[in-house]
Amino acid sequence: MEPPPQPPQEQPPRPRSHTVTTTSSSFTANLSASSSTLAYDREFLRTLPGLLMVAEIVSGAGQGGSVLGLLVWTLIAGTEYFLYPAFGWVMFVAVFYWVLTVFFLIIYMTMTYTRIPQVPWTTVGLCFNGSAFILYLIAAIVDASSVTKELDSHNYNSWAASSFFAFVVTSCYAGNTYFSFISWRSRTLQ
């Protein structure tokens, strides 16, 4: 008699080979190559472009006049400016460039621009400062030409002061436009 048939034996599993291909873009490589902490450039505020930017923030105008830019739009915001379209334009320009100037100040102070080398920062700075100068000049002229005692004597002093500071901020943006142009030109000549 023959032995009963044996069930087929399972063959041991063969090890599988896995091939994983990874690629990275230059953008990812550049970001991962940089350190994970933000740098702080204290010396930027000691440069003329840095001082102009702070002045723009304070005065309400772009990269070089943020402090003065703040005065421009707060002096107008405390009045019934919405009744007069000209002051609405001045408010738009002042607030828009104030926010962008604060943004660029943070980028420059934290040296974020070094982490994103794909962005042509000198060109971006020139376009930003040039557009801020032109639009702030227009806004300052509109502001100054709209200030009359007959319009609303209650708000006259605030509007007159905002007009003065708008021209100060305009000059700050003009200065930063000049420095941005010099920086851009030296980069394009290299």
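What to note about this one:
- Of all accessible heavy-atom area on region 104-189, the percent that carbon and sulfur account for (1.4 Å): 69
- Protection proxy ranking of 43-52, 111-120, 126-135, 161-170, by the mean of other Cβ atoms within 10 Å over each peptide's residues and highest first, is 161-170, 126-135, 43-52, 111-120.
- At R0 = 41 Å, FRET efficiency that the Cβ-Cβ distance of residue 150 and residue 48 yields, to 0.05: 0.50
- For the pair residue 41 and residue 74, the difference between a 0.36 nm per residue extended length and the Cα-Cα distance amounts to 9.0 nm.
- Relative contact order (%) - criterion: Cα under 8 Å, at least six apart; region: region 63-171: 43
- Residue-level accessible surface for residue 107, protein heavy atoms, 1.4 Å, Å²: 20
- For region 103-143, convex hull volume per residue from C-alpha positions, Å³: 62
- Rounded to the nearest 0.05, the FRET efficiency derived from the C-beta distance between residue 178 and residue 82 at R0 = 30 Å is 0.30.
- log10 of Debye I(q)/I(0), alpha-carbon scatterers only, for region 92-190 at 0.10, 0.19 Å⁻¹: -0.36, -0.92
- For the pair residue 186 and residue 118 in one chain, pulling the backbone fully straight at 0.36 nm per residue adds 22.7 nm over the alpha carbon distance.
- Packing-based ranking, highest mean first, of 78-87, 97-106, 177-186 given that Cβ atoms within 10 Å are counted: 97-106, 177-186, 78-87
- Mean Cα-pair separation over length for region 128-190, i.e. relative contact order, pairs under 8 Å, 6 or more apart, %: 48
- Region 78-132 - convex hull of alpha carbons, volume per residue in Å³: 80
The values are calculated or read from the model by the stated rules, or taken from the named source; none is laboratory data. All values derive from a computational prediction rather than experimental measurement. Because the Cβ atoms are built from the backbone with ideal geometry, glycine has one as well, and the counts that use them run over all protein chains shown. In case anyone asks, the SASA skips ligands and DNA or RNA and just uses the protein heavy atoms, side chains included. Shrake-Rupley method; radii C 1.70, N 1.55, O 1.52, S 1.80 Å.
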